[in-house]
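S.K.: So that we are looking at the same thing, I have put the structure below in structure tokens.
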Amino acid sequence: MDYDFKSIESKWQARWAANKTFRVVEDPAKPKFYVLDMFPYPSGAGLHVGHPLGYIASDIFSRYKRLKGFNVLHPMGYDAFGLPAEQYAIQTGQHPEVTTEKNVARYREQLDRIGFSYDWDREVRTCDPAFYKWTQWAFLQMFDSWYDPSLDKARPISELVAKFETTGYEDVTPAQWKAASEKEKSDILMRYRIAYQGETSVNWCEGLGTVLANDEVKDGLSVRGGYPVEQKKMTQWQLRVSAYAGRLLDSLEKLDWSDSLKEMQRNWIGRSEGTEMVFNTLCDGRELPVTIFTTRADTIFGVTFMVLAPESDLVEALTAADHKAEVAEYLKYVKKKTERERIAETKTVTGVFSGSYGINPVTGEKVPIWISEYVLAGYGTGAIMAVPAHDSRDYAFAKKFNLPIVPVIEGADVSEQSVDAKEGVMCNSGFLNGMSVKQAIEAAKDYVEAKGIGRRKTNYRLRDAIFSRQRYWGEPFPICYKDGIPTPLPLSALPLRLPEIDSFKPSPDGEPPLARAKDWTWDGCPLEKSTMPGFAGSSAYYLRYMDPHNDSALVSREADEYWRNVDLYIGGTEHATGHLIYSRFWNKFLFDLGYVCEDEPFKKLINQGMIQGRSNFVYRIVGTNKFVSLGLKDQYETTEIHVDINIVRNDRLDLEAFRAWRPEFADAEFVLENGEYICGWAVEKMSKSMFNVVNPDVICDTYGADTLRLYEMFLGPLEQSKPWDTKGIDGVSRFLKKFWRLYTDRDGFAVTDEKATPAELKVLHRLIGKEQEDIENFSFNTTISAFMIAVNELSALDCRKREILEPLCVLLAPFAPHIAEELWEQLGHTESITNASFPTFNAAYTVEDSVTYPVQFNGKMRFTVDLPKSAASAEVEAAVRGMEQTAKWVGDQQIVKVVVVPGRIINIVVK
RNA sequence: GCCCUGAUGGCGGAAUUGGUAGACGCGCUGGACUCAAAAUCCAGUGGCCUUUAAAGCCGUGCGGGUUCGAUUCCCGCUUGGGGCACCA
């Protein structure tokens, strides 16, 4: 009876769907386990073989955990708002919803063929109003909250209002608050709300007609589309992510994430401990205190000038009358540069003197104030004290503009470059002289605080997230403008649905597409016209899966307390500084307000590696239509041409198929070696343009889903990037056929009820132990190797015993669920193998009797062994190559005790 | 420039974390079964020396070190991949 994967796989996929085999409900009697994949954006191109890698891994783990008795939540959905569908809509006029729907259907079809154990009853789509109701709800919660630094958590804004009314808070007194107009009160509160509207320098992308978040921009170009991005001051909705910077950083500690990912987040958050110091300044005789931020308070005696960011609000006040013209010109120059040019020209030093001076608060010295683009307005205070001797950027600036350079560390040679290292002994520094740099940093901080000229300050590089997008295909803001004041809609108004519009382009006067909607108002007031960014919907989707149909809460308390947070999250590393930061922020916010019970969303996170394509090349002799085989190409001048991998097998080109591939190759001629055309190859990104895309559907057709699943895992460690090479798939395909043959013979199913032998039990239990250990460590490739060995051994033993084959079937089920289900049914089970139990490991079956032999050390780092006559001496001697580590070898005739397990060195202990 | 990560046969990758390097799979070579092919099965397969075999030597990016013993630990490099980059 042959292994007919096609009928088996379609049979079981249909049955799983019909029986809702993977439906999961909260069950307090069982321990929970939440396994989550990063949900995909359903793009038009469909899945290639690299996409399901993480899904397969999480599916194996889910199925394994179920066998281990856990109640496993393993959902899937779609991150369905986004730019590609909208761009497509602009070009074709087709509604993004239609495109999205079509792509989702295609994704679902492809996913279903691979046999995933998702509970599809819990599917979510971010573009579904029933879903984005809760995205909008969360936004309103953030609008209605502020970050209380004394409690270090978010609190209702009403508490802040109460403070204003009674005791005052920061620079607002009760009298001022009471006197303030509605508009003024709104403006004051905007400075505190978690979701707030404010003017900020944004990444404006003309090509897309919208602003972008920092993680949506790379090298001055938009990540989607690759259009240039410029800096622009605009009023935008923002999320006060920066308030959470400290907590986001500190709780990284307790997460089970890879070091590299945590490090990326640490860098992105960028904590730096320093000092804020006030320099008094003089400009045309006026005095103005200016606060600067430095991490090197110890170098205060080396300050020779100050620098302001061109965008800083201080520039105007600190530009002397006789320098207005130069400064204005410089500002104009800076403004017209795009972000991209600024990055490209990071080596060129520019700047202008403001005509004003600062007073060093420690030395009383007067230093010039400059304006330069190397100081950023958005970080610290937008103003710095410059110490050219010990900061390379200040040094470059001082050299360019001939400013003095004063070293304050003994022996520092600053004739060629600055000495940035935080080591050495201070000099030229008054009370700091003689201290090490590390001591001096602390001493200077203490001094500054004691004298009241500054204070310790921790700065973060993490900026608030810009939350407005001038696009159509996103969540509308539940905000209207009552007399120009941003006013939240009542919760009963949610979801605020996207309006129908006739074109998806920006409006003719440059407003977002929503401006085209008829009657986009609420209660007579105009509604907000921008929409939320892509990360809005993906920030809390994992919570929604816990309780996806709840219409009265994002997630009920019961569901949240049962599922708590994600135990295992699998996805790509490209979300390190976007989604994974925003989600953590979002979750902490909901935690502060008591809506969820865990303050971190994802306990363990694994980044699956990329599967790269393996491209093939042919070599065309320049100026001809002749192609030369790889080994002979050096004899000609050739151009390398990508060739479709579907017409190449084992790097041998199918000549006929090549001629048929494209009209221009129809009369191609070949220079062959040994009668064959050998193609060159390279590992590259899998993409259509390189003709190296492998479609999982094709693999499912030719080899089956179980083979695909096994092969993707067998390829190598999950977290590593590795090339796909279809020819290796035959190995796992053969394995499954052999596995099938263990249970069947020519006539059909053939399993006996005989008692298993110790040898057979040993094979089984070694595998159980190995699989258990490997799966917990996400080392799926080694499990599969162990499986291959076990199956080969059982074949050799001709073992057809139920006592062995039944547990063996369960062991395979997480990896190759279809074949396992089929055989499980053949074994007489009526329930799905999903409900079986993982076999119990019994180490006793795997251990051999150990024998003790005396051994002598002969002085040549080699051992001879005295053996009883009964022992197979060659075997034992071959086995004894190791030595117990702690043994100290003195002399050359020492007797040791050797414990030998045949074929394996176990241990050698000094007697 | 800074921070993470890797580097092992023709290829993907193993190695109980200091103890027989190259498991498992692909590919390749030879053989069996076939009229033939496919499928399947068996054997071999790191390099060098050798007619063969035995034995030996060399081998985990490079150079040192620790150790009876290093792919594994330490120091110094080379190099692939990823991230950050005027963050004071």
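The values are calculated or read from the model by the stated rules, or taken from the named source; none is laboratory data. Just so it is clear, the model here is predicted, and its values are computed rather than measured. Counting neighbours? That spans all protein chains shown, and the Cβs are built from the backbone with ideal geometry, glycine included. Remember, those area values only see protein heavy atoms, side chains included, never the ligands or the DNA or RNA. Shrake-Rupley method; radii C 1.70, N 1.55, O 1.52, S 1.80 Å.
S.K.: Among A:699-711, A:618-630, A:366-378, A:215-227, what's the highest-first ranking by average C-beta atoms within 10 angstrom per residue?
M.R.: Descending packing order for the listed peptides: A:699-711, A:366-378, A:618-630, A:215-227.
S.K.: Residue A:106 to residue A:227: FRET efficiency via 1/(1 + (r/R0)^6), r the Cβ-Cβ distance, R0 25 Å, to the nearest 0.05?
M.R.: The calculated FRET efficiency here is 0.35.
S.K.: Sum -39500 (n - 2.57) across every DSSP H segment of at least 4 residues in chain A, then divide by the residue count to get the 222 nm mean residue ellipticity, nearest 500.
M.R.: -9500 deg cm²/dmol
S.K.: A follow-up question, please. Kindly state, to the nearest 0.05, the FRET efficiency for residue A:779 paired with residue A:183, given R0 = 56 Å and r defined as their beta-carbon distance.
M.R.: 0.35
S.K.: Restricting the count to DSSP beta bridges whose residues both fall in chain A, what percent are antiparallel, rounded to a multiple of 5?
M.R.: 80 percent
S.K.: Something else: Taking 0.36 nm per intervening residue step and subtracting the Cα-Cα distance, what contour gain separates residue A:676 from residue A:753 on full extension? Before the final figure, lay out the partial values.
M.R.: On the way: separation 77, 0.36 × 77 = 27.72 nm, distance 5.35 nm.
This chain segment gains 22.4 nm when fully extended.
S.K.: Largest first and in whole Å, what are the equivalent-ellipsoid semi-axes of chain A based on the Cα gyration tensor, each being the root of 5 times an eigenvalue?
M.R.: 58, 39, 33
S.K.: Can you find, among A:120, A:156, A:167, the residue sitting farthest towards the positive end of the charge dipole of segment A:102-167, where Lys and Arg contribute +1 and Asp and Glu -1 at Cβ?
M.R.: With unit charges placed on the Cβ atoms, the residue in question is A:120.
S.K.: Hey, what's chain A come to in accessible area per residue, 1.4 Å probe, Å²?
M.R.: 45 Å²
S.K.: Using a 1.4 Å probe over the heavy atoms of the protein chains, calculate the carbon and sulfur portion of the accessible area of chain A as a whole percent.
M.R.: The C+S portion of the solvent-accessible surface of chain A is 50 percent.
S.K.: Give me the angle, in degrees from 0 to 90, between the Cα long axis of helix A:758-776 and the longest principal axis of the Cα atoms of chain A, rounded to the nearest 10.
M.R.: Helix A:758-776 sits roughly 10 degrees off the main axis of chain A.
S.K.: Suppose every Lys and Arg Cβ carries +1 and every Asp and Glu Cβ carries -1, with no other charges. What dipole size does segment A:696-752 come out with about its Cα centre, to the nearest 20 debye?
M.R.: 240 debye
S.K.: So how long is each side of segment A:76-179 along the principal axes, counting just the alpha-carbon atoms, biggest first, in Å?
M.R.: Reported extents, whole Å, longest axis first: 66, 37, 19.
S.K.: Counting only protein chains, not ligands or nucleic acids, how are A:247, A:393 ordered by accessible area (probe 1.4 Å), most first? Mind showing how you got there, number by number?
M.R.: On the way: A:247 40, A:393 150 Å².
Final ranking, largest accessible area leading: A:393, A:247.
S.K.: What number, in percent, do you get for the relative contact order of segment A:383-537 if the mean sequence gap of Cα pairs under 8 Å and at least 6 apart is divided by its residue count?
M.R.: On the way: 208 pairs, mean separation 26.1, N = 155.
Taking the mean separation of contacting Cα pairs over the length of segment A:383-537, I get 17 percent.
S.K.: A further question follows. Full extension from residue A:639 to residue A:561: what is 0.36 nm times the residue separation minus their Cα-Cα distance, to one decimal in nm? Don't skip to the answer; put the middle values down first.
M.R.: Values: separation 78, 0.36 × 78 = 28.08 nm, distance 6.26 nm.
Gain on stretching residue A:639 to residue A:561: 21.8 nm.
S.K.: Between helix A:802-812 and chain A, what is the angle of the helix's C-alpha long axis to the longest principal axis, kept within 0 to 90° and rounded to the nearest 10?
M.R.: 20 degrees
S.K.: A follow-up question, please. Choose one of A:718, A:49, A:275: the residue whose Cα lies farthest towards the positive end of the charge dipole of chain A (beta-carbon charges +1 Lys, Arg; -1 Asp, Glu; about the Cα centre).
M.R.: A:275
S.K.: Order of A:383-390, A:580-587, A:164-171 by packing, highest average Cβ count within 10 Å first? Please list the in-between numbers first.
M.R.: Numbers: A:383-390: 25.4, A:580-587: 23.9, A:164-171: 13.1.
Put in order of decreasing packing, that is A:383-390, A:580-587, A:164-171.
S.K.: Grab the beta carbon distance between residue A:518 and residue A:165, set R0 = 41 Å, and tell me the FRET efficiency rounded to 0.05.
M.R.: My answer for the efficiency is 0.50.
S.K.: Could you give the alpha-carbon Rg of segment A:522-562 over 2.2 N^0.38 Å, rounded to two decimals?
M.R.: 1.61
S.K.: Can you send over the solvent-accessible area of residue A:76, 1.4 Å probe, protein chains only, in Å² to the nearest 10?
M.R.: 0 Å²
S.K.: While we're looking at this one, here's another question. May I ask for the angle, rounded to the nearest 10°, between helix A:324-336 and the longest principal axis of chain A, with both axes built from Cα atoms and the value confined to 0 to 90°?
M.R.: Taking the Cα atoms of chain A, the angle to A:324-336 is about 20 degrees.
S.K.: Cβ neighbours within 10 Å, averaged per peptide: list A:464-470, A:637-643 in order, most packed at the top.
M.R.: Top of the packing list down: A:464-470, A:637-643.
S.K.: Answer with one residue from A:76, A:358, A:663: the one whose Cα lies farthest towards the positive end of the charge dipole of chain A, charges on Cβ with Lys, Arg +1 and Asp, Glu -1.
M.R.: A:358
S.K.: Got a sec? Which residues in segment A:514-539 would a label at residue A:503 touch, if it sits 7 Å along Cα→Cβ and we count backbone N under 15 Å?
M.R.: Hits in segment A:514-539 for residue A:503 at 15 Å: A:514-518.
S.K.: Looking at segment A:693-774, I'd like the Rg to Rh ratio, where Rg is from alpha-carbon atoms and Rh is Kirkwood's inverse mean 1/r.
M.R.: So for segment A:693-774, dividing Rg by the Kirkwood Rh gives 1.06.
S.K.: Between residue A:792 and residue A:4, 0.36 nm times their residue separation minus their Cα-Cα distance comes to what?
M.R.: Extending this stretch completely gives an extra 281.6 nm.
S.K.: Please work through chain A and write down the cysteines that have no neighbouring cysteine Cβ at a distance under 4.7 Å.
M.R.: Lacking a cysteine Cβ partner under 4.7 Å: A:127, A:205, A:283, A:427, A:597, A:679, A:700, A:799, A:809.
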